[in-house]
Amino acid sequence: MTFRTINPPGATIPGISQATVVETGKLLLLSGHVPLRADGSVAGPGLEIQLEQVFSNLEATLIAAGSSFGNVARLTIYVRDFKPELLPVIRSVRDRFVNTAHPPASSLIGVAALFHPDVLVEIDAIATIPG
């Protein structure tokens, strides 16, 4: 593993790490990825389908860079019109891609709008490329 997760004692948010220390490898900064299919159309409808597309797009970028979801140190998830009842769907899809034994440091941010009116989610990430 190219990084180490940090979780101090006490109350924490389940399913994320409070911090991540990059110990080896090169740093990889991923732009915000959106639910666009290869043909440029927006995946959907619905948050779950869009999340699956975004995570698949992120995975393709990670692989192209010589990395993988096992090397993701941080995720920031932006959800249009976020409501707490959406959290189980978000976590369900995310957990199919990330290392749940050592989850990345994460933020979930509700936003009023994204770049396209049909887009419900955008995700950016920080990862490492193993040395």
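Applying the criterion of being of a type outside the set (Gly, Ala, Ser) and not in a strand (DSSP E or B) to the residues of region 113-123, the residue that is surrounded by the most Cβ atoms within 10 Å (Cβ to Cβ) is LEU120. Filtering region 1-42 down to residues that are in contact with a Lys or Arg (Cβ under 7 Å, 6 or more places away or on another chain) and not small (Gly, Ala, Ser), which residue is farthest from PHE115 (Cα to Cα)? Looking at residues that are in contact with a Lys or Arg (Cβ under 7 Å, 6 or more places away or on another chain) and not small (Gly, Ala, Ser), I get GLU23.
Does ASN99 satisfy the condition of being within 13 Å of the chain's Cα centre (by Cα), polar (S, T, N, Q) and part of a loop (DSSP other than H, G, I, E, B)? Talk me through it step by step, then tell me what you get.
Numbers: within 13 Å of the chain's Cα centre (by Cα): yes; polar (S, T, N, Q): yes; part of a loop (DSSP other than H, G, I, E, B): yes.
In short, yes.
Look at region 52-74: where a residue is without any contact (Cβ under 8 Å) to a residue 60 or more places away in the chain and a partner is part of a helix (DSSP H, G or I) and of a type in the set (Phe, Trp, Tyr), sitting 6+ places away or on another chain with Cβ atoms under 9 Å, you get GLU59/PHE69; PHE69/PHE55.
Restricting the first member to region 1-30 and to residues that are in contact (Cβ under 8 Å) with a residue 12 or more places away in the chain and of a type in the set (D, E, K, R), and the second to residues that are exposed (fewer than 13 other Cβ atoms within 10 Å of the Cβ) and in a loop (DSSP other than H, G, I, E, B), the beta-carbon pairs closer than 6 Å and six or more apart or on different chains are ARG4/GLU23. Of the residues making up region 77-131, those that are over 22 Å from LEU36 (Cα atoms) and either touching a residue at least 60 places away in the same chain (Cβ under 8 Å) or touching a Cys at 6+ places or on another chain (Cβ under 8 Å) (or both) are THR100, HIS102, PRO103, PRO104, ALA105, SER106, THR128, ILE129, PRO130, GLY131. Annotation: of all residues in region 19-39 being modelled with pLDDT of 95 or more and not hydrophobic (A, V, I, L, M, F, W, C), the one that is farthest from ASN99 (Cα to Cα) is ASP39. Every test in (1) touching a helix residue (DSSP H, G or I) at 6+ places or on another chain (Cβ under 9 Å); (2) surrounded by fewer than 16 Cβ atoms within 10 Å (Cβ to Cβ); (3) modelled with pLDDT of 85 or more is passed by VAL54 save one, and that test is (2). Screening ILE77 on (1) of a type in the set (A, V, I, L, M); (2) assigned to a loop (DSSP other than H, G, I, E, B); (3) under 27 Å from PRO130 (Cα atoms) shows it passes everything except condition (2).
Restricting ILE126, ILE63 to those that are under 17 Å from THR2 (Cα atoms), out of contact with any helix residue (DSSP H, G or I) (no Cβ under 9 Å at 6 or more places or on another chain) and in a helix (DSSP H, G or I) reduces the list to ILE63.
The values are calculated or read from the model by the stated rules, or taken from the named source; none is laboratory data. Since the structure is predicted, the reported quantities are computational estimates derived from the model, not experimental observations. Here Cβ is always computed from backbone atoms with ideal geometry, including for glycine, and neighbour counts include all displayed protein chains.
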